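First up is the structure itself, then whatever we jot down about it.
Just so you know, all these numbers are worked out from the coordinates, no wet-lab data involved. Just so we're clear, the structure is a prediction, and the values are computed from it rather than from any experiment. Note that we place each Cβ from the backbone using ideal geometry, even for glycine, and neighbour counts take in every protein chain shown.
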Amino acid sequence: MQDRAKYALIGLFTFAVIAGAFGFIYWLHNNSGNRETATYRVIFEGSVSGLRIGGPVLFNGIRVGEVTDMRLTDNPAQVAAIVAINKATPVRADTRVSLEYAGLTGIASVSLKGAGASTAALDVKKGELPTLKADPNAGTDMSTAVRETLGRADALIARDWHAAIPGGL
């Protein structure tokens with residue numbers, strides 16, 4: 001009987017440690033996000049490949065929030081991302097928005113860049129989220145830009161090569 005009591009005590013202790021670890025992680029996760037946030041809608045033209053819910057939002061390179069939702073708009077060429085950022089972040093009417101890609105992994109983050117300190121705050125219509133429009137080329141990742149550049153270079157070389165051959169082909 002004593003052996004079974006020891007095993008039960010060890011099992012109960014193990015269960016308590018595991019439950020405590022999960023409780024600590026839950027507490028840590030919930031308390032780290034208790035700062036006040038402001039919600040904005042960011043409209044992107046075209047693809048936002050690599051951008052995910054939970055992805056970082058950077059203001060001048062400093063993480064200030066995360067992407068909380070993504071959805072299509074009425075215009076099929078646009079994607080709306082809902083972002084929650086720290087209320088102290090100086091988002092103004094002239095804030096520039098783009099996508100940044102982390103190295104070769106292709107993971108994207110929303111990049112906000114401040115312009116002027118004296119610019120007015122964003123215009124907000126009653127009942128709507130403040131809306132920022134991304135640069136038209138914001139969805140162009142590095143690999144797409146390289147493919148387009150190589151395509152133009154290939155066309156230029158092919159045109160010059162055909163022009164250099166006497167009599168043409």
What nm value, rounded to one decimal, do you get for the distance between His29 and Val124 when each label is placed 7 Å out toward the C-beta? 2.9
What value does segment 8-124 have for Rg/Rh, both radii from Cα atoms and Rh as Kirkwood defines it? 1.16
Mean projection area, nm², convex hull over Cα of segment 1-75: 9.0
How big is segment 10-51 along each principal axis, measuring the range of its Cα positions in Å and listing the largest first? 59, 26, 8
Stretched out fully, how many nm does the piece from Glu100 to Ile18 gain, at 0.36 nm a residue minus the Cα gap? 25.7 nm
Which order do the peptides 41-51, 65-75, 147-157 take when ranked by the mean count of other beta-carbon atoms within 10 Å per residue, highest first? 41-51, 65-75, 147-157
